[in-house]
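Asks: Structure below; questions to follow.
The values are calculated or read from the model by the stated rules, or taken from the named source; none is laboratory data. Values in this document were obtained by computation on a predicted structure and should not be read as measured data. So basically every Cβ, Gly included, is an ideal-geometry build from the backbone, and we count neighbours across all protein chains shown. These area figures cover heavy atoms from the full protein model, side chains too; ligands, DNA and RNA do not enter into them. Shrake-Rupley method; radii C 1.70, N 1.55, O 1.52, S 1.80 Å.
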Amino acid sequence: MGGAVEPARGSAAPGLSPQTPLNPCNPRAAAHRILADVRVGTLSDLAASRILPGVDPVDRGLAMDIAFGCLRLRARLDVWIEAFADRPLRRIDPTVRDWLRIGVYQLTELRTPDHAAVGETVRAARAGVGRKRVGYVNAVLRAVARGRDGADPFPAPDADPVAHLCSWGSHPEWLLRRWLARWPLADVRRLVERQNRPPDVVLRMLDGDDPAPPEGVRLAPVPGWPRSFTLAEGAPAAALAGLRAVVQDPAASSVVDYVGRRPAGPVLDVCAAPGTKAVGLAAAYGVPVVALDVSRGRLARLAAPARRLKLPVSAAVADARRLPVAEAGTVLADVPCTGTGVLRRRADARWRLNERGLGALVALQREIMDACADAVRPGGLLVYSTCSLEREENEGQVDAFLERRPDYRREPPDAVPDGCVTPRGDLFVRPWVTDTDGAYAARLRRVA
């Protein structure tokens, strides 16, 4: 599933070195560099992986919080800026605009003391934007600090809910209108609120639901999700070193459970990177799993957990539209998608998405489904899954597939959390109900 993935709260960005840099970068300057990279097209997780190693480890959390918070709440921050600036946002230099977002995020979301939010941001900006523009950053941030508590620059939520959700909720209008056409306003509000919160680190236990965490690690069970525990204290690396577990949101774990208790082998996981579902399948069912993905770099991240857990998982680079396998008993097609169910983890994704891109993804998903369907032997199982909430990528895609392929039929699951199965037997995890990511899956049996 494509898109930048925000490191969960308490975790490091991918590729970060544990070494303390000799000349540590100011955390606000690092956040600004991440925003600048994203502005020119770099995915946020890649930008963070490149920049955050230069930040002192004690400051990395702040740098990450500011950068990803500014990306996630960009529209909300921009309303605050326009309310106190002397010109429209479009007339503010993009570099200055990013510094203003960084300062306003600290003032309104982190509730950093005014002197620190303004003073430290201005100090960090001084090296890159020149005296005149630093003065402008200082003036606007001081105006926000003085006036924010008595101001409400956002549209009224009851009088204009769409405008409120676009601005305060910081989501694109086209996506909100799609959701409001399907679900009640109260549900969409809860969904938006959920997508705007930073993700926690959740561990999926591979051996039962009574873990004994190592020293310095504290876990809290996720209500309603057996074997899922939030990392309440400690580092993810320390927790994984002492537990048979993977970092995996309960929604993604539910897809593994949805595959079923006795998947026939060989099991293929296509579009598999970074591989947590492949690891989960091998651990849960004791079957060999072959993980395939077009990205060699992302697929390489599967090797360490597979070795650590001594699981029968192998990996190969392959395009899911042209599978190098003649026949399989079970295929999990976790296809590329818009990822609208995991926008809290992909801080910049909401601003990259558009309806034209949705159409292109639907076409790609169709190609992958057809290729996977040909590889499933008669009597075998194809599980199609996404982390999207969009009908075209989910039940619409499956309905169209079943019209093309009369040799397949939907099959109800034998293991899935309560409240997450549609009347037709599909898995659909709704973030505003479960307080998790979103997920969709369908079990498709090839009839003999």
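Asks: Identify, by number, the condition in (1) of a type in the set (Phe, Trp, Tyr); (2) farther than 24 Å from ARG72 by Cβ; (3) at pLDDT 95 or above that TYR258 doesn't meet.
Replies: Going through the list (1) of a type in the set (Phe, Trp, Tyr); (2) farther than 24 Å from ARG72 by Cβ; (3) at pLDDT 95 or above, TYR258 breaks only (3).
Asks: Looking at the structure I just gave you, is ARG356 out of contact with any Phe, Trp or Tyr (no Cβ under 9 Å at 6 or more places or on another chain), in a loop (DSSP other than H, G, I, E, B) and either more than 26 Å from ASP249 (Cβ to Cβ) or not small (Gly, Ala, Ser) (or both)?
Replies: no
Asks: Looking at TRP168, TRP179, TRP174, can you tell me which residue is aromatic (Phe, Trp, Tyr), in contact (Cβ under 8 Å) with a residue 12 or more places away in the chain, loosely packed, with under 14 Cβ neighbours inside 10 Å and closer than 19 Å to ALA75 by Cα?
Replies: TRP174
Asks: Could we say that CYS372 is open to solvent by less than 30 Å² (accessible area, probe 1.4 Å) and closer than 20 Å to GLU411 by Cβ here?
Replies: When the stated conditions are applied, CYS372 passes them.
Asks: To continue, here is another question. Hey, LYS310 hits all of (1) open to solvent by 60 Å² or more (accessible area, probe 1.4 Å); (2) under 23 Å from the mean Cα position of the chain (by Cα) but one; which does it fall short on?
Replies: Going through (1) open to solvent by 60 Å² or more (accessible area, probe 1.4 Å); (2) under 23 Å from the mean Cα position of the chain (by Cα) one by one, LYS310 breaks only (2).
Asks: Moving on to the next point. Select from segment 296-308 the residues that are modelled with pLDDT of 85 or more and either of a type in the set (Val, Ile, Thr) or touching a strand residue (DSSP E or B) at 6+ places or on another chain (Cβ under 8 Å) (or both) and list them in ascending order.
Replies: ARG296
Asks: Consider VAL140 carefully, then state whether it is open to solvent by less than 20 Å² (accessible area, probe 1.4 Å), under 21 Å from ASP98 (Cβ atoms) and modelled with pLDDT of 95 or more.
Replies: yes
Asks: Has segment 360-368 got at least one residue that is touching a strand residue (DSSP E or B) at 6+ places or on another chain (Cβ under 8 Å) and not hydrophobic (A, V, I, L, M, F, W, C)?
Replies: yes
Asks: Quick check: anything in segment 381-390 modelled with pLDDT of 95 or more, among the acidic types (Asp, Glu) and in contact with a helix residue (DSSP H, G or I) (Cβ under 7 Å, 6 or more places away or on another chain)?
Replies: Yes, because at least one residue in segment 381-390 is modelled with pLDDT of 95 or more, among the acidic types (Asp, Glu) and in contact with a helix residue (DSSP H, G or I) (Cβ under 7 Å, 6 or more places away or on another chain).
Asks: Does segment 293-301 include one or more residues that are within 20 Å of the chain's Cα centre (by Cα) and surrounded by 24 or more Cβ atoms within 10 Å (Cβ to Cβ)?
Replies: Yes, the conditions are met somewhere in segment 293-301.
Asks: For segment 114-134, does any single residue satisfy the condition of being under 29 Å from the mean Cα position of the chain (by Cα), free of Cβ contacts under 8 Å to residues at least 24 places away in the same chain and loosely packed, with under 14 Cβ neighbours inside 10 Å?
Replies: no
Asks: Can you tell me which residue in segment 375-400 is most open to solvent (accessible area, probe 1.4 Å), limited to those that are out of contact with any strand residue (DSSP E or B) (no Cβ under 9 Å at 6 or more places or on another chain) and free of Cβ contacts under 8 Å to residues at least 40 places away in the same chain?
Replies: GLU392
Asks: Pairs needed: first member in segment 325-351, within 13 Å of ASP249 (Cβ to Cβ); second member anywhere, part of a strand (DSSP E or B) and open to solvent by less than 10 Å² (accessible area, probe 1.4 Å); C-beta distance under 8 Å; at least 6 residues apart or different chains.
Replies: Cβ pairs passing all conditions: GLY341/THR386; GLY341/VAL429; GLY341/ALA439; GLY341/TYR440.
Asks: Residues that are over 24 Å from ALA264 (Cβ atoms), in contact with a helix residue (DSSP H, G or I) (Cβ under 9 Å, 6 or more places away or on another chain), aromatic (Phe, Trp, Tyr) and in contact (Cβ under 8 Å) with a residue 40 or more places away in the chain: does segment 420-432 have at least one?
Replies: The answer is yes; a qualifying residue exists.
Asks: What are the residue pairs meeting all of these: first residue in segment 84-98, first residue of a type in the set (A, V, I, L, M), second residue part of a helix (DSSP H, G or I) and open to solvent by less than 80 Å² (accessible area, probe 1.4 Å), Cβ atoms under 7 Å, and 6 or more apart or on different chains?
Replies: Listed by first residue and then by second, the contacts come to ALA85/VAL140; LEU89/ASP78; LEU89/ILE81; LEU89/ARG97; VAL96/VAL129; VAL96/TYR136; VAL96/VAL137.
Asks: Moving on to the next point. Which condition number in (1) under 31 Å from the mean Cα position of the chain (by Cα); (2) surrounded by fewer than 16 Cβ atoms within 10 Å (Cβ to Cβ); (3) within 18 Å of ALA29 (Cα to Cα); (4) basic (Lys, Arg) is the one that ARG101 fails?
Replies: Result: ARG101 passes all but (2).
Asks: What pairs can you find where one residue is in segment 269-295 and over 13 Å from VAL383 (Cβ atoms), the other is part of a helix (DSSP H, G or I) and of a type in the set (D, E, K, R), and their Cβ atoms are less than 6 Å apart, with a gap of 6+ or different chains?
Replies: From segment 269-295, the pairs are ALA273/ARG298; PRO274/ARG298; PRO274/ARG301.
Asks: All but one of (1) within 17 Å of TRP179 (Cβ to Cβ); (2) in contact with a strand residue (DSSP E or B) (Cβ under 7 Å, 6 or more places away or on another chain) hold for TRP351, so report the exception by its number.
Replies: Evaluating TRP351 over (1) within 17 Å of TRP179 (Cβ to Cβ); (2) in contact with a strand residue (DSSP E or B) (Cβ under 7 Å, 6 or more places away or on another chain) leaves (2) as the failure.
Asks: Hey, another quick one. If you go through segment 50-65, how many residues are open to solvent by 30 Å² or more (accessible area, probe 1.4 Å) and either in a helix (DSSP H, G or I) or among the basic types (Lys, Arg) (or both)?
Replies: Total meeting the criteria: 8.
Asks: Give the residue that is most open to solvent (accessible area, probe 1.4 Å), with candidates limited to residues of segment 238-290 that are among the β-branched types (Val, Ile, Thr) and within 20 Å of ALA212 (Cα to Cα).
Replies: VAL247
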